[in-house]
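These notes concern the structure reproduced below.
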Amino acid sequence: MTKWVYLFSEGNAKMRDLLGGKGAGLAEMVNAGLPVPPGFTITTQACNAYYASGKQFPEGMWEQTLEALHTIEQQTGKKLGDPGNPLLVSVRSGARMSMPGMMDTVLNLGLNNSTVEGLAKLTGNERFAYDAYRRFISMFGRIVMGIDGAKFESILDSYKERTAGKQDTDLTADMLKQIVADYKALYQREIGSPFPEDPYEQLRLAIGAVFGSWMGKRAIDYRNFNKIPHDLGTAVNIVTMVFGNMGNDSGTGVAFTRDPRTGEKTLYGEYLQNAQGEDVVAGIRTPKRISDLQRDMPEVYQQFVGIAQRLEQHYRDMQDLEFTVERGKLWMLQTRSGKRTAAAAVKIAVDMVREGLITKQEAVQRVEPQQVYQLLLPRFDEEDKKRATEQGSLLAKGLNASPGAASGMAVFDPDTAEAWGREGKSVILVRSETSPDDVHGMLEARGILTQHGGATSHAAVVARGLGKPCVAGAEAIRVEAHQFSVNGTVVREGDLISIDGATGEIFRGAIRTVTPDIQKEQDLQQILAWADEFRRLQVWANADYPKDAQVARTLGAQGIGLTRTEHMFFEEERLPIVQRMILAETDAARQAALDELLPIQRGDFEGLFRVMNGLPVIIRLIDPPLHEFLPGYEELQEEIAALKYELRDAKTLAEVTEKVETILQKERLLSSVAAMREANPMLGLRGCRLGIIFPQITAMQVRAIFEAACNVTEQGIEVHPEVMIPLVGHVNELRRQRDQLEPVAKQVMAERHMQIDYKFGTMIEVPRAALTADEIAQYAEFFSFGTNDLTQMTFGISRDDAEGKFLLKYVEEKILPDNPFQVLDRKGVGKLMRLAVEAGRQQRPTLEVGICGEHGGDPSSIEFCNEIGLKYVSCSPYRVPVARLAAAQAALGETQRDK
Ligand code: PEP
Ligand code: MG
């Protein structure tokens, strides 16, 4: 017979999978001899069996529950349903990891019309007994049976109104009796049957409700978002009630062993005297600081501090504790690893290494790479935020859906957001919720605020993708057409607001933002320095300009993995030269334009080389289809039509001649643009194909690279340029370009009588290149996986079209596990990469292999790159610290698996 039920004394911390986090924590505390009220746990396995059998308790579970109940009855001397000495219990869910969306706690289970009288007699406190009873009925009704809690609230409020103080503490025993009667009538109306008087029936229903909450929508959404499997199940904890509301020598509270906001090593928390746990959570009364407990109940405080320290030492991590004091006796109700902010995670990890509690390896594994990213995002100036809070500008709190902080004008529709954003105004887009029709406005907004929707809502997902702050699901605000209201405050279009995506706070007015300086973040620097000791992958950066390269170096980049040279072509003063180069009708005219571009590019490269002194710099030759540098076809057509219309109003012959000239010129341009139009530019004349058709362009770029290298070498700078040829699909493409370009490099070096340490190589971004990597490696000293294109071409999905249209839905509906443009698709794209690495290295053992697609900054993808033995990952400068940590975690994960 399967064992479905464990007394706390039968479990331990290692049984998390079976007993859930809460159950395992309670068991471990019992083992350590700490004061825990007697109780037991029904296993997660029972939950899974419940679902497997069409929502039936598995065989033997109920009998084992009754048996465990009997044991705690003996331990406590109380009995469920016995009016003489009633046992009351709490019923709480507890999955392996703590999970919002799961069932809340039901307290005081076991009360009915006769046990409530017993409780009153036993405690000599009728008011207390009926207060417990009314709480139980409403909790049971709301949590177990799904009755709208507001209906209970409004009954309670109507009685509070009749008291002098209007607080729930002002309710008399008689009023509470009437409330109980009203609650029961409400229950009967809502459910269609009377409130269950039988405590065993109460228990059976409550256990079923905990199991049921595992498959509730919020729980499922949360698991989907956090990639938690759905088959873990939840445990059910049944714990003897202890009462924090039995007078001023009683109370209840929550505390963290360190400050979860800053990581500072002080007990942090709050408690309420003469209250039950739900009062702390519900915020009915303002709790006191935990330090006040020292004054109110010094002995209890000392005992609690001792226990808190012991638990932290035992678990070697910051703990989140719940406790209750019943008539001067302390009871522990929960211990678990506490959730913390990014800053706290870093500080706690570093401090605990210094305290000798954990190893450097553990510290590196305790910080999530995403938290490192958060720490480097703009955030509100603490002082200014404090000022705003003190002035009452904090309007509400929503879900912290995407980190970062922003201030701007509230705007309520995406078109206005787009228009104002383009005018250079800072705007925050405020919507009831967002949809794909809002994306153009989201792109121009500094931040996004929604009334509805959770962590996986459209707003949240898109904001995170864009790296913009988002507060979602701020249910306290009411969004209308051109304003939102919250607690009597109205914010209209154009009013300034501020949102903190890291905390979910929404403020009226602007708050100063600051961009953190990594040099000053000493704890973060320490974690990253430790990470560097453990990682095998190097971290390089994608940077086009010296200033980006500088940022990358400051953040720890060990090279440049991708310089997209064409970005320089788009700059205002250069574009006309580039256009002349493209539109040239003769080779001579083209060369003339290229001669103008040469010194400009050379200057760009010199800047990069200087910043990267001593480190490798990969420069990619021109990649995008040429028409991207020209005006749009439709745009030109409209311009010509307008010019022709204006021609009718021309007054003088000179004016006519001038206009006709312009029209003819534009028409010539139009026909060039028309000739270059492609049905599918992403698969058209781009990448190495350009260099093959117009060899002068790439020859100019290679000359610029080597002249720049020679120039800075003369100034004492150490350079290692690597010339990267993009979009190769067939070895002959690479061979042709290399044969044309390497002589240019050699010629420059000969002209200057210098030898530069250089490499020629290619991107692997066409599936065929990956499949024929052995051939390609004959002509490449390095490979760099361009996983943006490789993903597009492997899936046959155009990213630009997909992300706006169907890709989100694909991810939401689990057709794809993730957006493959963010998280590398290991099974498909990854398989090609693995193949290419193996074949490439077989052909050329010294082949240098890295990645420069966006995946180079994504922790899961980095783990894969570590696994297939790449030399480096290259990512955008601000993700360099993320990648350093992720690379270390990948390496540490590997050694752990090997053990
Ligand atoms: C790639 O395709 O992964 C890549 C880095 O090139 P781009 O994004 O410029 O096409
Ligand atoms: Mg590419």
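Brief remarks follow.
Here's the yes/no breakdown for (1) open to solvent by 60 Å² or more (accessible area, probe 1.4 Å); (2) within 30 Å of Asn866 (Cα to Cα); (3) not in a helix (DSSP H, G or I):
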| position | (1), (2), (3) |
| --- | --- |
| Asp548 | no, yes, no |
| Thr563 | no, yes, yes |
| Gln579 | no, no, no |
| Ile582 | no, no, no |
| Glu585 | yes, no, yes |
| Arg590 | no, no, no |
| Ala593 | no, no, no |
| Leu598 | no, no, no |
| Gln601 | no, no, no |
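- Conditions (1) farther than 24 Å from Glu812 by Cα; (2) not in a strand (DSSP E or B); number of the one not met by Ala410: (2)
- Qualifying position, being β-branched (Val, Ile, Thr) and crowded, with 21+ Cβ neighbours inside 10 Å, among Val305, Val300, Val350: Val350
- Restricting region 809-867 to residues that are under 25 Å from the mean Cα position of the chain (by Cα) and among the hydroxyl-bearing types (Ser, Thr, Tyr) leaves a set whose member that is farthest from ligand 1 (Cβ to nearest atom) is Tyr810.
- For region 633-641, the count of residues that are surrounded by 21 or more Cβ atoms within 10 Å (Cβ to Cβ), aliphatic (A, V, I, L, M) and out of contact with any Phe, Trp or Tyr (no Cβ under 8 Å at 6 or more places or on another chain) is zero.
- Hits in region 791-807 (condition: in contact (Cβ under 8 Å) with a residue 40 or more places away in the chain and not in a helix (DSSP H, G or I)): Ser798
- Considering (1) open to solvent by 40 Å² or more (accessible area, probe 1.4 Å); (2) not in a helix (DSSP H, G or I), the lone condition that Phe195 does not fulfil carries the number (1).
- Number of the condition not met by Ala552 [criteria: (1) more than 16 Å from ligand 1 (Cβ to nearest atom); (2) in a helix (DSSP H, G or I); (3) small (Gly, Ala, Ser)]: (1)
- In region 139-180, the residues that are part of a loop (DSSP other than H, G, I, E, B) and under 22 Å from Ser90 (Cα atoms): Met145, Gly146, Ile147, Asp148
- Residue within region 743-762 that is within 16 Å of ligand 2 (Cβ to nearest atom), touching a strand residue (DSSP E or B) at 6+ places or on another chain (Cβ under 8 Å) and open to solvent by less than 70 Å² (accessible area, probe 1.4 Å) present: yes
- Selected residue [open to solvent by less than 30 Å² (accessible area, probe 1.4 Å) and within 16 Å of ligand 2 (Cβ to nearest atom)] from Gly856, Gly828: Gly856
- Flag if Thr266 is open to solvent by 20 Å² or more (accessible area, probe 1.4 Å), modelled with pLDDT of 90 or more and either among the hydroxyl-bearing types (Ser, Thr, Tyr) or over 37 Å from the mean Cα position of the chain (by Cα) (or both): yes
- Residue list for region 96-118, filter: open to solvent by 10 Å² or more (accessible area, probe 1.4 Å) and of a type in the set (A, V, I, L, M, F, W, C): Met97, Met99, Met102, Met103, Leu107
- Region 363-377: number of residues that are open to solvent by 50 Å² or more (accessible area, probe 1.4 Å) and either more than 13 Å from the chain's Cα centre (by Cα) or over 14 Å from Ala883 (Cα atoms) (or both): 2
- Residue match in region 22-31 (condition: charged (D, E, K, R), over 18 Å from Phe323 (Cβ atoms) and in contact with a strand residue (DSSP E or B) (Cβ under 6 Å, 6 or more places away or on another chain)): no
- Only residues that are within 16 Å of ligand 1 (Cβ to nearest atom), part of a loop (DSSP other than H, G, I, E, B) and buried (at least 22 other Cβ atoms within 10 Å of the Cβ) were counted across region 712-742, and they come to 3.
- Elements of type strands (runs of 3 or more DSSP E) contained in region 465-540, each with 1 or more residues being β-branched (Val, Ile, Thr) and open to solvent by 10 Å² or more (accessible area, probe 1.4 Å): 489-492
- Pair list, Cβ under 8 Å, 6 or more apart: region 830-857 residue in contact (Cβ under 8 Å) with a residue 12 or more places away in the chain and of a type in the set (Asp, Glu), other residue within 16 Å of ligand 2 (Cβ to nearest atom) and part of a helix (DSSP H, G or I): Glu854/Thr787; Glu854/Asn788
- Within region 603-628, if we keep just the residues that are open to solvent by 50 Å² or more (accessible area, probe 1.4 Å) and closer than 16 Å to Leu690 by Cα, the residue that is nearest to ligand 1 (Cβ to nearest atom) turns out to be Glu628.
- Region 763-776 - residue that is assigned to a loop (DSSP other than H, G, I, E, B) and open to solvent by 10 Å² or more (accessible area, probe 1.4 Å) and, of those, nearest to ligand 2 (Cβ to nearest atom): Val766
- Counting only helices (runs of 4 or more DSSP H) wholly contained in region 209-322, the ones carrying 2 or more residues that are within 30 Å of Gly165 (Cα to Cα) occupy 277-282, 291-296.
- Close Cβ contacts (under 9 Å, 6 or more residues apart or on different chains) running from residues in region 605-624 that are on the phi > 0 side of the Ramachandran plot to residues that are in a loop (DSSP other than H, G, I, E, B) and among the β-branched types (Val, Ile, Thr) comprise Gly614/Ile717; Gly614/Val719.
- Taken over region 777-790, the criterion of being open to solvent by less than 10 Å² (accessible area, probe 1.4 Å), near ligand 2 (Cβ under 10 Å from one of its atoms) and part of a helix (DSSP H, G or I) is satisfied by Thr787, Leu790.
- Looking only at residues in region 119-143 that are among the β-branched types (Val, Ile, Thr) and open to solvent by 20 Å² or more (accessible area, probe 1.4 Å), the one that is farthest from Asp170 (Cα to Cα) is Ile143.
- Residue count for region 808-820, restricted to those that are without any contact (Cβ under 8 Å) to a residue 60 or more places away in the chain and in contact with a His (Cβ under 8 Å, 6 or more places away or on another chain): 0.
- The residues of region 307-327 that are of a type outside the set (D, E, K, R) and touching a Ser or Thr at 6+ places or on another chain (Cβ under 8 Å), listed by number, are Ala308, Gln309, Leu311, Tyr315, Met318, Gln319, Leu321, Phe323, Thr324, Val325.
- Any hit, region 239-252, residues being at pLDDT 95 or above and touching a Pro at 6+ places or on another chain (Cβ under 7 Å): yes
- Exclusive hit being assigned to a helix (DSSP H, G or I) and under 42 Å from the mean Cα position of the chain (by Cα), set Arg134, Arg92: Arg134
The values are calculated or read from the model by the stated rules, or taken from the named source; none is laboratory data. Every value quoted in this text rests on a predicted model; they were computed, and no experiment measured them. All Cβ positions, glycine included, derive from the backbone under ideal geometry; neighbour counts span all protein chains shown. The area values use the complete protein model at the heavy-atom level, side chains included, leaving out ligands, DNA and RNA. Shrake-Rupley method; radii C 1.70, N 1.55, O 1.52, S 1.80 Å.
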